[in-house]
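The values are calculated or read from the model by the stated rules, or taken from the named source; none is laboratory data. Worth saying up front: this structure is predicted, and the values here are computed from it rather than measured. A quick note on method: Cβ atoms are made from the backbone with ideal geometry, for glycine too, and the neighbour counts reach across all protein chains shown. SASA here: full protein model, heavy atoms, side chains in, ligands and nucleic acids out. Shrake-Rupley method; radii C 1.70, N 1.55, O 1.52, S 1.80 Å.
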Amino acid sequence: MKHQSLPSLRAWLQNTALLTVIAGYTVLLVANGALADWQRRQNHQRLVAALAQQSSIEQLDSVPLRTVGLEATLRSKGPEQSPRLTAGPAGEQWLESRNQLLLANGETRWLELRQNVSGSLEQERFSQLLLIAAAGVSILFTSVLLRPVLRRGLVVPLNELDQQLQALEADNLGEHLLDPASQPQELEGIAIAINNLQQRLAAAWQRERQFVDGVAHELRTPITLISGRSQRLLRKPHAPEQNQPLQQIVEEASRMAALITSMLELARRDSGRLQLDPQPCDPEQVLLEAFERLSSVAAGRLQLGPATHAGLPAIAADPQRLQECLLALVDNALAYSDGSVQLSASSECREQQRWLVLHVLDRGPGISLGERSQVLRRFARGSSSVGTRGSGIGLAVVQELITAMGAELVIADRAGGGADLQLAFRV
C-alpha cells in the first residue's frame, strides 16, 4: 500500500495561522452585524413603547416624528407585526412594526411605526469595510511575520538536527552526541532519544565488530594449517582413492581462507582500521601481474587483452588491495561462466570526466539490471548463482575496498553477451 507524503509542517502552520486570522475576523464581522441589527430592533422597540405611552395619555401627533425619520400611524385593524426591514421608493431602508395599543378612552388600536434606518445601515457597512481592511492588514502582517518566526524557530533547528544526523557514521556512533540544550524545547526530547539510540547502536556495533574480527582471527590459523597439511599430503605419494578427498580438502580450505580474508577486510573497513598504501600504478602492469598470479588456477580460461599503443595514464591505488579486487572478480567470473575470462584496460570519458577502467569480462549469464545493487550487499547473491557455490561476499568486499581507494565498481553488460565488471578510477 502506497502512503501519501504529508505536507510541509511549515506550510501547514502558516496556513493554519492565516485561516485562524480569517476565521476570527469572519466571526467578528458576523457578530458585529448581528449586534448592530439587535441594537436597531431594541431602539425601535423603545420608540414603540414611548409612543404607546404617549398615545394612551394624549392624541398622537406624527408631524414632529417625521423630522427624525419616523412615521407613526394608528390603525383600527391588526395584526401585530415584529420589526422588519423594507425598501422605500427612493432606495431608503425602513424598519416597520405594528403593535396593539389601548387608548385612554378604552379603544383598541394598532400602532404602525416606520423608522428610517438607512443611516444606521450605512454606518454598519462602513464599520464592516473597516473590519475587512483590518483583516487584510492582519493577514498580510501575520504572513510576513510568520516566515522568519517559523524559519528561526522550526526550519533552522530541524535543518541543523538533520545535518548532525547525516554526519553520523558507523565508526563515530556515540562520539558526537547532540546537545539537547542547544535545541528548542520541543526538540530536546528528540535529541535525548537520538543520543540514547546512538549509544545503544554504538555498543551493539562494537560487539559485532569484535565478534567478526575475533572469529576471523581464530579461524585463520587452523584453516591455514589444514590447507598446508593437505597440500603436502597431496604432493606426497598416496593411494589413488585418496586423491579426490585430499583435493576437496585443499579446495575447501582455500575457499575458507579466502572467506576469512574477506571477513577480516570487512571488519577492518567497518572499524576504520583499513590501512591503504596508495601508489601510482601502471594499469597494464597491474593486469599482467594479476594474469600471472591467476593463470595457474584458471585452467587456461584466463586471457589478457591486447596492450594499447598510446599507453594509459597511471592510477592511484593500493597495489595489494587492487590485486585482491581483481582476484575476487576473476574468481567470480570463472565460477559463473564456462568460457574464457578476459582482463583488459581502457581510457574512457564519462560525464565530462576521464576514467581509467579495468575490465573483467566473461561470457556467462551476466547480472540483470534489477539485481546489480543487490549483489553488492553482503551475503546477497543474484538469481544466476543458483546451483553455484559461493558466499555472496566477494563483490561486497570489492565494493568496500575499491570505494576506500576512491574508485567505483561498475557492473555492465559485455557486448555479445556476458558480464563486464569494471574498476573505474578517475584520472
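A few points about this structure:
- GNM on the chain, alpha-carbon springs under 10 angstrom: the most fluctuating residue among Ser82, Ser138, Ser337 is Ser82.
- Solvent exposure of Asp413, expressed as accessible area, is near 100 Å², computed with a probe of 1.4 Å over the protein chains only.
- Given charges at beta-carbon only (K, R positive; D, E negative), |dipole| of region 62-131 in Debye: 160
- Charge dipole of region 127-207 about the Cα centre (unit charges at C-beta), most positive-ward option of Gly174, Val137, Ala203: Val137
- Most fluctuating residue given options Gln342, Gln166, Gln54, as computed from a GNM of the chain linking Cα atoms under 10 Å: Gln54
- Ligands, DNA and RNA left out, the 1.4 Å accessible surface of the chain is 56% carbon and sulfur atoms.
- Where the chain is the region considered: accessible area per residue in Å², 1.4 Å probe: 61
- You can think of it this way: the chain between Leu74 and Arg293 has 66.3 nm of extra reach, that is 0.36 nm per residue less the Cα-Cα gap.
- Dipole of the chain, positive direction: furthest Cα of Leu154, Trp94, Leu29, with charges on the beta-carbon: Trp94
- In the chain, taking the dipole from charged Cβ atoms about the Cα centre, the farthest positive-side position among Asn116, Leu287, Ser8 is held by Asn116.
- Here the dipole of the chain is about 700 debye; that uses its Cα centre as origin and unit charges on the Cβ of Lys and Arg (positive) and Asp and Glu (negative).
- Counting 0.36 nm for each residue step from Gln374 to Ala310 and taking away their Cα separation leaves a gain of 19.3 nm.
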